Amino acid sequence: MAKTATIASSLCFHLFMLAILCLHSTEATLPVPAIFIFGDSTFDVGTNNFLKDSQATANFPYNGIDFPYSVPTGRFSNGYNSADQIVRLFGYKRSPSPFLLLLNHGSSFKKRILRGVNFASGGSGILDSTGSQPDVKMVIPLTEQIQQFSTVRDNITALLGPHNTATMLSQSLFLISVGSNDLFQYQRSINMPVQEFLDTLQQTYQNHLQKLYDLDARKFGIVSIPPIGCCPFQRFIGKTGECVKESNDLAQSFYNGTETMLIKMSSQAVGMKYSLGNAYAMTLDIIDNPLVFGLKEVKQACCGNGSFNGGVPCNASANLCSDRQEYLFWDRFHPSEAASRLAALTLFGGEVRYVTPMNFSQLVQAN
């Protein structure tokens with residue numbers, strides 16, 4: 001009993017600190033010239049709206065029901081997603097726009113990219129093959145996202161010159177949240193020993209980060225994979241309705257490998273600094289102690305159908321909860337706006353248990 005009380009007390013203190021951060025988040029004036037965002041649907045703010053054949057879209061109700069004017073923007077959320085929440089803590093009034101949207105703005109393209117760009121694409125992964133399955137059809141993998149950033153860098157160089165561009169980018173924040181789709185696809189269709197697959201995934205991830213480093217990125221804010229075995233879809237397909245251990249073990253192994261890779265890489269790449277967010281630990285703590293974090297429902301999705309609302313994607317004919325601020329999951333895979341807010345606050349100002357070796361606010365101030 002005493003141990004339980006101690007854990008609850010610690011979590012309550014953590015939540016209190018998050019509340020303080022929330023109160024002061026609008027006053028943030030941390031020195032971030034620009035924020036560039038890469039990854040999958042956890043960070044996608046509308047990229048896939050521009051992909052003609054993509055089935056990995058969310059630009060329809062009930063998505064966006066809590067976004068301003070209830071607009072379904074393409075975010076896989078009832079409102080703002082994790083990318084939105086993080087950049088707002090750095091003083092941004094709105095997220096950097098998708099690269100494909102900015103391309104349509106012609107003459108204003110160069111001006112708007114100076115504050116950052118979002119390249120994230122729902123359904124994508126670290127491997128180019130992830131997201132190419134028939135039910136998704138078309139996404140933008142991390143390889144292509146980095147190629148798009150290279151185009152942005154060329155345009156910034158044309159405006160500022162090589163030296164000033166390198167300086168600006170070295171002080172900017174590069175946010176990356178990716179990997180869950182690779183693990184899902186491995187479990188579904190890849191015939192390869194687990195460790196061999198994880199090694200391949202990790203090496204490919206390192207190659208991507210090295211390419212960004214070669215393009216003058218220096219500060220990496222990386223979000224690892226949450227316990228994907230606990231999402232409503234996994235509970236739906238499982239026999240017990242509990243978290244799927246095999247999926248969670250993959251996610252934990254990926255985190256451990258990413259931490260090792262970043263330690264080694266940063267020791268060799270001059271000027272490279274990083275923050276690694278442990279979404280696995282964050283999410284499990286919420287699942288184990290939901291009331292402490294202001295949530296009540298951590299198994300069932302707010303929007304969907306079937307057991308745990310995990311059987312189908314969120315759409316206008318799905319079940320919809322009324323108390324969305326109390327749900328951990330918005331749909332069968334993605335966090336609610338409330339959960340994304342908690343994650344962003346933890347990444348921004350959390351302790352080493354959740355984000356190592358420094359949090360995001362410390363990262364942008366690091367020399």
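The values are calculated or read from the model by the stated rules, or taken from the named source; none is laboratory data. For clarity, every value in this text was computed on a predicted model and none was experimentally measured. Note: ideal-geometry Cβ built from the backbone for every residue, glycine included; neighbour counts use all protein chains shown. When the accessible area is computed, the model is the full protein with side chains, heavy atoms only, and any ligands, DNA or RNA have been set aside. Shrake-Rupley method; radii C 1.70, N 1.55, O 1.52, S 1.80 Å.
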Please go through segment 246-297 and pick out each residue that is among the hydrophobic types (A, V, I, L, M, F, W, C) and under 14 Å from Y354 (Cβ atoms).
L276, A279, A281, M282, L284, I286, F293
Residues that are among the hydrophobic types (A, V, I, L, M, F, W, C): list the strands (runs of 3 or more DSSP E) wholly contained in segment 269-367 that include at least 2 such residues.
297-301, 327-329
Can you find a residue that is over 19 Å from F333 (Cβ atoms) and in contact with a Gly (Cβ under 6 Å, 6 or more places away or on another chain) anywhere in segment 76-89?
no
Scope segment 32-72; condition of a type in the set (F, W, Y), within 22 Å of F184 (Cα to Cα) and part of a loop (DSSP other than H, G, I, E, B); matching residues
F43
Odd one out for E326, checked against (1) in contact (Cβ under 8 Å) with a residue 60 or more places away in the chain; (2) touching a Leu at 6+ places or on another chain (Cβ under 9 Å)
(1)
Apart from one, (1) open to solvent by less than 10 Å² (accessible area, probe 1.4 Å); (2) within 19 Å of N104 (Cβ to Cβ) all hold for F38; the odd one out is (2)
Those residues that are farther than 30 Å from K299 by Cβ and under 18 Å from the mean Cα position of the chain (by Cα), I need them from segment 259-287; list them, please.
L262, Y274
Which of (1) in contact (Cβ under 8 Å) with a residue 12 or more places away in the chain; (2) on the phi < 0 side of the Ramachandran plot does G116 not meet, given it meets every other one?
(2)
If we keep only residues of segment 63-73 that are in contact (Cβ under 8 Å) with a residue 40 or more places away in the chain and surrounded by fewer than 24 Cβ atoms within 10 Å (Cβ to Cβ), then the residue nearest to P313 (Cα to Cα) is I65
If we ask which residues in segment 347-367 are under 14 Å from the mean Cα position of the chain (by Cα) and open to solvent by less than 10 Å² (accessible area, probe 1.4 Å), their number turns out to be 3
Report yes if some residue within segment 253-276 is touching a helix residue (DSSP H, G or I) at 6+ places or on another chain (Cβ under 6 Å), more than 30 Å from D214 (Cβ to Cβ) and crowded, with 19+ Cβ neighbours inside 10 Å; otherwise report no.
no
Within segment 74-115, take every residue that is of a type in the set (K, R) and open to solvent by 40 Å² or more (accessible area, probe 1.4 Å) and give me the one that is modelled with the lowest pLDDT.
K110
Extreme residue, least open to solvent (accessible area, probe 1.4 Å), among residues of segment 153-189 that are over 21 Å from the mean Cα position of the chain (by Cα) and among the aliphatic types (A, V, I, L, M):
I156
Yes or no: I228 buried (at least 17 other Cβ atoms within 10 Å of the Cβ), within 22 Å of G39 (Cα to Cα) and within 21 Å of the chain's Cα centre (by Cα)?
yes
Yes or no: E246 open to solvent by 30 Å² or more (accessible area, probe 1.4 Å), touching a Leu at 6+ places or on another chain (Cβ under 7 Å) and either closer than 30 Å to L328 by Cα or not in a helix (DSSP H, G or I) (or both)?
no
Pairs under 8 Å by beta carbon, first residue more than 18 Å from V32 (Cα to Cα) in segment 151-171, partner open to solvent by 60 Å² or more (accessible area, probe 1.4 Å) and among the basic types (K, R), six or more apart or different chains?
N155/K110; A158/K110; L159/K110
